[in-house]
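Let me begin by presenting the structure, written as structure tokens, before commenting on it.
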Amino acid sequence: MPEPESLLNSIVGRLSDESSYTQLFHPYRDDEALPSGEILKKIIEICRAILFPGYYGKARVSRQTLPYHIGVNVQSLHTLLSRQIYAGLCFSDKNCADCPEEVVSGKAEGLSRSFIAALPELREILATDVEATFNNDPAAQNPGEVIFCYPGIRAIINYRIAHQLYELGVPFIPRMISEMAHSETGIDIHPGARIGHHFAIDHGTGTVIGETSIIGNYVRIFQGVSLAGEKLPPDENGHATRGVPRHPVLEDHVTVYSNSTLLGRIRIGEGATIGGNVWVTSDVAAGTTVSQQNNFKR
């Protein structure tokens, strides 16, 4: 049996062997850090406070003090988000170890400004999501309850933020933000999904919306719903095929009830209703109701 010190030295040597960490090691430039989950939580809190003043954030806000609080929050958001985008840009480009810091920093600040410029439009579409959720749920007493209490709205807020960053080409951070909502609410929405206005998630636990899903306007889904991607043949190198639409398309005014799975690049026509606990792998015509009794397969 080797001496304890000799054993530890041997383990250190094995763990330091370059061949053992080729795909697992991230080399740092000076003063660089990975995107921070803790800072991104603060960023989400600030975004929620800006988008829904008075419901989120620690400050007591009145109409008179609202411009001041939004101004402070926007400035804080820009500072924090710029740094996190900077970290994400560095992390995503393994060949960027020698990139001038001011170039990367300038790009990060520009992306942060572009995101902040979209906040008014984000608030507008989130207002439609709150309206749809309230109007579809007789148990909701008022829109304020929906904003403050409903996990579906919290997940949609994170999704809308993450999707905007995704559309701007910000790496890593959108997925981190969507996974924060997943941990908080049990609702998993990929930031690449495209979702229209007046979107409502009822209860929502276990709901999954995949990367290439397209969801129209006035769509309502329930807990346990999965908009799942079909398994595609591997590419020429035997790896997973990427960048190909593989999730469902839901047209306007579609309702999908709990624990149903919609699989592959299928189209659910306008006004269709998918009942609970069904497995759908074929297109559904507009206005059709699919239930366990009449469910069909390709």
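The values are calculated or read from the model by the stated rules, or taken from the named source; none is laboratory data. Quick caveat: nothing in here was measured; it's all calculated off a predicted structure. FYI the Cβ positions are ideal-geometry reconstructions off the backbone, even for glycines, and counts take in every protein chain you see.
Quick notes on this one:
- Q23 vs. criteria at pLDDT below 90, loosely packed, with under 10 Cβ neighbours inside 10 Å and either in the same structural domain as A108 (by TED's automatic domain parsing) or touching a Leu at 6+ places or on another chain (Cβ under 6 Å) (or both): no
Here is a yes/no grid of residues against (1) surrounded by fewer than 20 Cβ atoms within 10 Å (Cβ to Cβ); (2) in contact (Cβ under 8 Å) with a residue 12 or more places away in the chain; (3) in a strand (DSSP E or B):
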{"site": "N237", "(1), (2), (3)": "yes, no, no"}
{"site": "V244", "(1), (2), (3)": "yes, yes, no"}
{"site": "H253", "(1), (2), (3)": "yes, yes, no"}
{"site": "S258", "(1), (2), (3)": "yes, yes, no"}
{"site": "L262", "(1), (2), (3)": "no, yes, yes"}
{"site": "N277", "(1), (2), (3)": "yes, yes, no"}
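- With respect to (1) buried (at least 22 other Cβ atoms within 10 Å of the Cβ); (2) not assigned by TED's automatic domain parsing to the domain that holds V256, the lone exception for I209 is condition (2).
- Given (1) without any contact (Cβ under 8 Å) to a residue 40 or more places away in the chain; (2) under 15 Å from the mean Cα position of the chain (by Cα), index of the condition G204 fails: (1)
- Tabulated pairs, the stretch 169-188, first closer than 17 Å to C47 by Cα, second of a type in the set (D, E, K, R) and in a helix (DSSP H, G or I), C-beta under 8 angstrom, 6+ apart or interchain: M180/K41; A181/R154; E184/R154
- Matching option when the condition is of a type outside the set (D, E) and either over 21 Å from Y166 (Cα atoms) or at pLDDT below 95 (or both), among V208, V256, V249: V256
- Residue in the stretch 184-191 that is within 23 Å of S114 (Cβ to Cβ), in contact with a strand residue (DSSP E or B) (Cβ under 9 Å, 6 or more places away or on another chain) and buried (at least 19 other Cβ atoms within 10 Å of the Cβ) present: yes
- Odd one out for F91, checked against (1) touching a Phe, Trp or Tyr at 6+ places or on another chain (Cβ under 7 Å); (2) modelled with pLDDT of 95 or more: (2)
- Residue within the stretch 164-187 that is more than 22 Å from S82 (Cβ to Cβ), outside any helix (DSSP H, G or I) and of a type in the set (S, T, N, Q) present: no
- Hey, G196 over 20 Å from A132 (Cα atoms) and crowded, with 16+ Cβ neighbours inside 10 Å or not: no
- Taking the criterion of being surrounded by 14 or more Cβ atoms within 10 Å (Cβ to Cβ) and touching a residue at least 12 places away in the same chain (Cβ under 8 Å), the residues of the stretch 56-73 that qualify are G57, H69, I70, N73.
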